[in-house]
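The values are calculated or read from the model by the stated rules, or taken from the named source; none is laboratory data. All figures in this text were calculated on a predicted structure; none of them were measured in a lab. Cβ placement follows ideal geometry from the backbone for every residue including glycine, while neighbour counts extend to all protein chains displayed.
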Amino acid sequence: MTEAQIIKTLLNFIVADGATNDDFNALALQIFAYQFENNIPYQRFCRQRERTPRTVRSWRNIPAVPINGYKDLMLSCCDPESADRVFMTSGTTKDGIRGKCYHPTLSVYDTSMITAFRQRFMQEHPKLRMGILFPTEQTMPNSSLAHYLTLALNEFGADGSRYLLTDDGLDREALFSELDRAVQTGEPYALLGASFSFVHVMDDMERLGKAVSLPKGSRILDTGGFKGQSRELELDAFYDLLEARFGVPRDHCINMYGMTELSTEFYDWGNTTCPSVKSGPHWIRSQIVNPLTGDELPKGDKGVLVHCDLAHFNCVSSILTEDAGIEVDDGFLLLGRAEGAEAKGCSMAVDEFLKAAQG
Amino acid sequence: MKFDGKIVLVTGSSRGIGAAIAKAFAGEGATIIVNYVQNANAAEEVVSACKTAGGDAMAIQADVTSGEQIKALVDQTLMDFAKIDVVVNNAFKPYTFDPDNRKQFWDLEWQDYQDQLDGALFSTYTMCQAVLPALKKRTQGSIINMASDLVARPTIPYHDYTTAKSALIGFSRNLAMELGPLGIRVNCVAPGLVYPTDASRKTKERVKEMIIAQTPMRRIASPEDITGPVMFLASDWSRFMTGQTLYVDGGLVMK
Amino acid sequence: MVLKAGYLPGIDDDAVEWQTLTYDRDGHAIEVSVPLLSNEQMQDLSERIKEASRQHLKSMTVSDITATIDAAIARLLDRNDTYRQQAEEYLPLITGYDAEMIRLGLTGYLKTFRQSELRRFIAEDFGNPKILDEFQPLPKGGYGKAYGPDLLAHIWAGNVPGIPLWSLISGLLVKAGNIGKVPSAEPLMASWFARIIAETDPMLGQCLAVVWWKGGDVDREQALLNQADLVVAYGNNDTLHQIRDRTPITTRCLTYSHKVSFGMVSKAALDTGKAWDVAHQVAYDIVRYDQQGCYSPHVFFVEQGGAVTPQEFAQYIANELDCFEEKFPRRTLTIEEASGVAAWRQSEEMKSFSEENASVMGDAGGAWSVAYSEAEEDLAPSGLNRTAKVIAVKQLDDVPARIAPYRAFLQTVGIAAAPEELHRLAEMLGAVGVTRISALEHMTAPEAGWHHDGRFNLLDLVTMTEVERSAETAAEAFSDYVD
């Protein structure tokens, strides 16, 4: 298939309902063949894994690239120069190299985001007045999250929706006035942003003794965890705090799980209990695997998440994450990062060596 | 299935013993490279039989006495399948087993020997050289070379043919020695008279009766009788065997 | 089945809190109860050990001590002895290491503590071993005597069976009282040894104790550090840093941090006759205790130009590792260990896509992996647990410069090379911080009396008291025979 054919097929697939397992599998294999043919580093990777389009029959066996692969390999089917947009991973990893995801068009990404966001976050609301606790897309042109939030605001934000972060940080006055306005008017309000931004905002509110009770139907979307950018909170404590500060019940606090290396996001149905069950739309599937063998684990065993995201058609659809998880009915539980172990004896392990060698 | 996901290359497998071996592997889930030199239709028939049997297959034309063509065959296999698990060197120079019209030693020219050596030994040598880098990279693999029980018991002295097969056994033992430390096994299967095949079609009933009379199992081998030992040597069941020759002739030769 | 770890002379078992450690490997659950002392009990024990050390140990001769240790070791070597039988039965269950590997490993290791070897050990550090017993004349003039501390505290780490015996025996040899803290990963061997010592010589048994606390229990650790005259600690840099920080300034603290070791193979060893044998030796070093030791190799620098290429040599190693898996299967890895191996494998795989000839051998799900590269790669630890990297080099002489930046982490180098090469390389390796050079196949079994991390195991433990010549001379003036 050509790129144009893939894009057209995908757009139809995403908006259509009722895709069967076989439909997903067939398209996954077509996209795998496309990536195998047009992306030489990925082809080499597959050959090393001894799997080719000729031998792979199920999406479950498509070789999944470790997300670190984005740092070492140029994973793009299109000429990177011609890409419409490039999203980069955050540069906080130990070697400071940022992985790049090229998008020849954002049409698939956007359709994927809009379709799932409507189902999973907006639900009964066609539009909501929104406040965004994250920098704008202009400030962070290579951030997929910035693009995601801009899209949310443009597509689903009612009049008056706005960003609540400026270049100087939180626009506290604007935030408080938005919150107060919502309380006064009774119009449901949506607050969206990075998890760590919420922590900063709530710390600020605590200092000022501020708490509001947003109108019924209001919702919160947080994403990305704390990443050392704010103090680390237990998830239960975090959602208790959100409920206490904003008056949004935990079942209306949605956590989005996404990453630069995907073009589709996972959501939960609220965080009444943590960890919540995450699931994605019909064009993404996940497996829990043994990190060493890549073999799928029995349901209920703890392993590492592999995602097969058809919408991420230009790079690689199947990635091996560093996130630990457990498969449950209707999705998976996300259990944080899977860490390597230190040696049991006096031999040195890689992480310790890197830390020591860098002083 | 025993050979699920395994890639098996069988030379000269459009007909006869080769075709039977291909189909048997496919029945255990393997993907077969059906090599042939002339008969594309027959090869395609084997390919579809393999798929029906539950495996996968692809036909590739290549003359096993051409280094260039063999290399192209291996390259194409690796391109499509990324690895090779098993190689069965089955192809040989056409030879007519006709006891009544065989050449006696004083009728033979060196070229007759040379032709058979090329067919049995040079072809195997060429294939092994071509496939070895891929096997070494994985430090595993099984090579099976098809010999003949005539080597141990020349019931009819087909000088040129049997001498070449004898050389093949010596070749295989040396290769087994060299490749053992690299985790690659090399063994031979030595069938007795197999009927019917194109090569044995001219064998007279009288000769067959004579062989049957001396064979403990009291019959002649069919192509399907040969597949079991070949698959055994290809499998993990024989993982500690290398440099061996399995005689598959109903007990005619015992050693 | 509940086993008991720890050894507490003079303290009643009932007076102590016991905790239970559970080891569950491949369905064989086993429980070990370990003693957790209160701070008062730790202080009490420390004083008791110090007193016994002063009263009893200091008056023993080195020969008496080596004889006792020898008798204790003999029991651990005797396969009919109950302690030996317990070790063979339970250490595999606790550590997960293959039973046969432990059995052979214990024998090889314990042999290095027989009396003859102990004497060699002492002679390595003290030209004149009698200096531990009485004042001896010094070459510079005057007299000297070496004193071990009254209380030597050992903080051990890791699960390689028997490792704590090194420092414990060193302590006894210099007549130190000893309290050792065993790691949860393997709390038994040191405990058994202490009990055998006590059974062999009850008085000597009053001079050592084996305790436990959960790693990171700062409070308990501090209680011991406060009492010790000298501290020997093992662990990662973070752990050691904390221990050193908490050790009182007047107490010396000797630290042994995690190390990286590697191998070197000269083209002289790579002919078609010997290469296989060398690969076998290399694989053995990788397999022993699944690379958990500081002397375990991670990387092999292999010289080009031999009849067997470095790449083929890497393939030989791969096959040898495959064979060893039959003989000494790798222990079952935890999910964390598996993640470590996977991360290493994946990063090596990634390199192989951009690098000509680079490759990773071994199934992802298998029990070993060998990565191969011809690039100018630096030293880096492998993913442990039978993962190793073969790096082809033009000449071995280039290697020392490449490893020089890692001086602080270097320990053992296993070498296969011709004599003149060996000596030339030794000179260069020593200069960049390598402290031990061994043959391949011997990397994980240091010889008796080796200098761990290049230090003087015994000398580091003692203080010298010197009677200077001036004192002697001056004393003459006060003698009653003075003219």
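Before moving on, here are some points about what is shown:
- Counting only residues that are more than 9 Å from chain C (Cβ to nearest Cβ) and either over 19 Å from B:Ala134 (Cβ atoms) or not basic (Lys, Arg) (or both), the range A:43-64 holds 15 of them.
- Residue match in the range B:178-194 (condition: under 19 Å from B:Pro99 (Cα atoms), touching a residue at least 60 places away in the same chain (Cβ under 8 Å) and not aliphatic (A, V, I, L, M)): yes
- Some residue of the range A:94-111 being within 17 Å of A:Leu320 (Cα to Cα), within 14 Å of chain C (Cβ to nearest Cβ) and either among the basic types (Lys, Arg) or surrounded by fewer than 15 Cβ atoms within 10 Å (Cβ to Cβ) (or both): no
- In the range B:143-167, of all residues being small (Gly, Ala, Ser) and touching a strand residue (DSSP E or B) at 6+ places or on another chain (Cβ under 9 Å), the one that is nearest to B:Pro99 (Cα to Cα) corresponds to B:Ser148.
- Test result for C:Pro139, surrounded by fewer than 24 Cβ atoms within 10 Å (Cβ to Cβ), under 14 Å from C:Leu57 (Cβ atoms) and free of Cβ contacts under 8 Å to residues at least 40 places away in the same chain: no
- The strands (runs of 3 or more DSSP E) falling completely within the range C:221-310 that include 1 or more residues that are over 30 Å from C:Leu151 (Cα atoms) and away from chain A (no Cβ under 14 Å) map to C:260-265, C:297-303.
- The single residue among A:Gln35, A:Gln43, A:Gln119 that is over 25 Å from A:Pro141 (Cβ atoms), in the same structural domain as A:Glu265 (by TED's automatic domain parsing) and not in a loop (DSSP other than H, G, I, E, B) turns out to be A:Gln119.
- Set side by side, the residues A:Tyr34, A:Tyr42, A:Tyr70 differ, and just one is of a type in the set (Phe, Trp, Tyr), surrounded by 18 or more Cβ atoms within 10 Å (Cβ to Cβ) and touching a Leu at 6+ places or on another chain (Cβ under 7 Å), which is A:Tyr42.
- Filtered residue count, the range A:336-346, keeping only those that are in contact with a Gly (Cβ under 6 Å, 6 or more places away or on another chain) and modelled with pLDDT of 70 or more: 1
- Of the numbered criteria (1) in a strand (DSSP E or B); (2) charged (D, E, K, R); (3) more than 14 Å from chain C (Cβ to nearest Cβ), the one A:Lys299 fails is (1).
- Every test in (1) surrounded by fewer than 19 Cβ atoms within 10 Å (Cβ to Cβ); (2) more than 21 Å from C:Ile335 (Cβ to Cβ) is passed by A:Glu265 save one, and that test is (1).
One line per residue, one yes/no per condition, for (1) assigned to a helix (DSSP H, G or I); (2) of a type outside the set (Gly, Ala, Ser):
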{"residue": "A:Phe87", "(1), (2)": "no, yes"}
{"residue": "A:Tyr109", "(1), (2)": "yes, yes"}
{"residue": "A:Met130", "(1), (2)": "no, yes"}
{"residue": "A:Leu145", "(1), (2)": "yes, yes"}
{"residue": "A:Gly160", "(1), (2)": "no, no"}
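- Remark: pairs (first residue in the range C:248-262, without any contact (Cβ under 8 Å) to a residue 24 or more places away in the chain; second residue charged (D, E, K, R); Cβ separation under 6 Å; 6+ apart in sequence or on different chains) = C:Cys253/C:Arg244.
- C:Thr444 vs. criteria of a type outside the set (A, V, I, L, M, F, W, C) and touching a helix residue (DSSP H, G or I) at 6+ places or on another chain (Cβ under 6 Å): yes
- Pairs, first of a type in the set (Lys, Arg) in the range B:203-219, second at pLDDT below 90, C-beta under 7 Å, six or more apart: B:Lys204/B:Pro99; B:Lys204/B:Asp100; B:Lys208/B:Tyr195
- Filtering C:Leu165, C:Leu172 for residues that are part of a helix (DSSP H, G or I), assigned by TED's automatic domain parsing to the domain that holds C:Arg84, closer than 30 Å to A:Phe353 by Cα and within 19 Å of the chain's Cα centre (by Cα) leaves a single hit, C:Leu165.
- Number of residues in the range C:163-182 that are charged (D, E, K, R) and more than 14 Å from C:Val231 (Cα to Cα): the value is 1.
- Restricting B:Asp107, B:Asp75, B:Asp4 to those that are within 14 Å of chain A (Cβ to nearest Cβ), without any contact (Cβ under 8 Å) to a residue 12 or more places away in the chain and acidic (Asp, Glu) reduces the list to B:Asp75.
- For the criterion of being under 16 Å from C:Leu270 (Cβ atoms), in a helix (DSSP H, G or I), touching a helix residue (DSSP H, G or I) at 6+ places or on another chain (Cβ under 7 Å) and among the polar types (S, T, N, Q), C:Gln315 passes.
- Test: C:Ala392 is of a type in the set (Gly, Ala, Ser), modelled with pLDDT of 95 or more and surrounded by 18 or more Cβ atoms within 10 Å (Cβ to Cβ): yes
- Hits in the range B:113-141 (condition: over 30 Å from B:Thr215 (Cα atoms), away from every other protein chain (no Cβ under 14 Å) and not aliphatic (A, V, I, L, M)): B:Gln114, B:Asp115, B:Asp118, B:Phe122, B:Ser123, B:Tyr125, B:Thr126, B:Cys128, B:Gln129
- Verdict on C:Asp245 being over 25 Å from C:Leu91 (Cα atoms), in contact (Cβ under 8 Å) with a residue 40 or more places away in the chain and surrounded by fewer than 22 Cβ atoms within 10 Å (Cβ to Cβ): no
- Filtered by the rule that a residue be within 20 Å of C:Arg54 (Cα to Cα) and crowded, with 24+ Cβ neighbours inside 10 Å, the range C:198-214 gives C:Cys207, C:Leu208, C:Ala209, C:Val210.
- Subset of the range C:200-213 (residues that are touching a residue at least 60 places away in the same chain (Cβ under 8 Å) and either outside the structural domain of C:Gln19 (by TED's automatic domain parsing) or not hydroxyl-bearing (Ser, Thr, Tyr) (or both)): C:Asp201, C:Met203, C:Leu204, C:Gly205, C:Gln206, C:Cys207, C:Leu208, C:Ala209, C:Val210, C:Val211, C:Trp212, C:Trp213
- Qualifying residue in the range B:27-49 (condition: closer than 24 Å to B:Ser148 by Cα, aromatic (Phe, Trp, Tyr) and crowded, with 21+ Cβ neighbours inside 10 Å): yes
- Selection count, the range C:333-342, where residues are touching a helix residue (DSSP H, G or I) at 6+ places or on another chain (Cβ under 8 Å) and at the interface with chain A (Cβ under 7 Å from one of its Cβ atoms): 1
- Under the condition of being surrounded by 13 or more Cβ atoms within 10 Å (Cβ to Cβ), part of a helix (DSSP H, G or I) and either touching a Phe, Trp or Tyr at 6+ places or on another chain (Cβ under 8 Å) or in contact (Cβ under 8 Å) with a residue 60 or more places away in the chain (or both), the residues counted in the range A:8-27 number 8.
- Elements of type helices (runs of 4 or more DSSP H) contained in the range C:1-111, each with 2 or more residues being modelled with pLDDT under 95 and within 14 Å of chain A (Cβ to nearest Cβ): C:82-95, C:99-110
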